[in-house]
């Protein structure tokens, strides 16, 4: 079991990392502004479940396999890249549906599923857990797998708070944006660009210990 000081240090480091806007935050903001609070929070749920998968994988050693096996790494990477690029291109090709304060262009289940995919098929998340968690493991404090699982779940819980905060703030601005002409642009071009950007970032992620 990690010490109290270790848990506090890990919590503070996690907050700092999670507050830095990245691909997941961009996805949350896009869904929250375009489709409202409920859809934005559904996207958060999917993203955090994706983080939980990586936390469990790190605890069981799967992240080490992804970092050392080119076959496993590339299999995960290119499935994710293909999905993200396909989704982005499809969004850019089609005009967005008319959105009102009562009708959402995305369902909660779809936003939830996309959130899972965004994080599960992102090798950078696995490599983050691989490089970040070991710094807080202490062999003298018991089984490393249990320590890693506790810290990973703590990261997920903190992520729920920070990401939900992003969603709540963004969705609170939705009514103002719906009255303007910028929302269709956000729904189509920003959303499509975000997904394609996620795909390109995943494609550019190199295997640990190799050139990038």
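The values are calculated or read from the model by the stated rules, or taken from the named source; none is laboratory data. All values derive from a computational prediction rather than experimental measurement. Ideal geometry is used to build each Cβ from the backbone, glycine not excepted, and the neighbour counts take in all protein chains shown.
At-a-glance table
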item: Residue among 132, 128, 121 that is surrounded by fewer than 20 Cβ atoms within 10 Å (Cβ to Cβ), closer than 17 Å to residue 26 by Cβ and either touching a helix residue (DSSP H, G or I) at 6+ places or on another chain (Cβ under 8 Å) or modelled with pLDDT under 80 (or both); result: 128
item: Those residues of region 133-155 which are closer than 17 Å to residue 52 by Cα and free of Cβ contacts under 8 Å to residues at least 60 places away in the same chain, in sequence order; result: 134
item: Subset of region 135-176 (residues that are closer than 30 Å to residue 79 by Cβ, at pLDDT below 80 and either surrounded by fewer than 14 Cβ atoms within 10 Å (Cβ to Cβ) or in contact with a strand residue (DSSP E or B) (Cβ under 7 Å, 6 or more places away or on another chain) (or both)); result: 135
item: Residue selected from region 35-92 under the condition outside any helix (DSSP H, G or I) and under 29 Å from residue 150 (Cα atoms), by the criterion modelled with the lowest pLDDT; result: 69
